[in-house]
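Read the structure below first, then the notes.
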Amino acid sequence: MPSSDGQRGRPFRDHRQVIEGIVYRLRTGVAWRDLPESFGPWQTIWKRHKRFSTDGTWDKIHARLVAEADAAGAVEWNVSVDST
């Protein structure tokens, strides 16, 4: 996960709490403003989601999770070809 070390301003809010807020929003489909306050300010969650989307963090997380699952044998790669 990106670190806020060496950056000016406040340190990042806990990544786990913010990611849980993002996942909650994606799972339930609620508007950003309607996120429960237990995840923190909705603006923080939205900004982190936008930052991770634009800088490629989500892609890196996804690639690593798939690689680890594949190494553990939890991914089944099936290829289907249709010639029609």
Residue within the stretch 1-9 that is modelled with pLDDT under 90, among the hydroxyl-bearing types (Ser, Thr, Tyr) and exposed (fewer than 10 other Cβ atoms within 10 Å of the Cβ) present: yes
Matching residues, the stretch 66-84, being in a helix (DSSP H, G or I) and surrounded by fewer than 11 Cβ atoms within 10 Å (Cβ to Cβ): Ala71
Only one of Arg33, Arg13, Arg25, Arg48 that is modelled with pLDDT of 95 or more and surrounded by 11 or more Cβ atoms within 10 Å (Cβ to Cβ): Arg25
First in the stretch 54-77 and farther than 17 Å from Val18 by Cα, second anywhere and not in a helix (DSSP H, G or I), Cβ under 7 Å, 6 or more apart: Val66/Val75; Ala69/Val75
Qualifying residue in the stretch 56-67 (condition: modelled with pLDDT of 90 or more and among the aromatic types (Phe, Trp, Tyr)): yes
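The values are calculated or read from the model by the stated rules, or taken from the named source; none is laboratory data. Bear in mind the structure is a predicted one, so any value in this text is a computation, not a measurement. Reconstructed Cβ throughout: ideal geometry from the backbone, glycine too, with neighbour counts over all protein chains shown.
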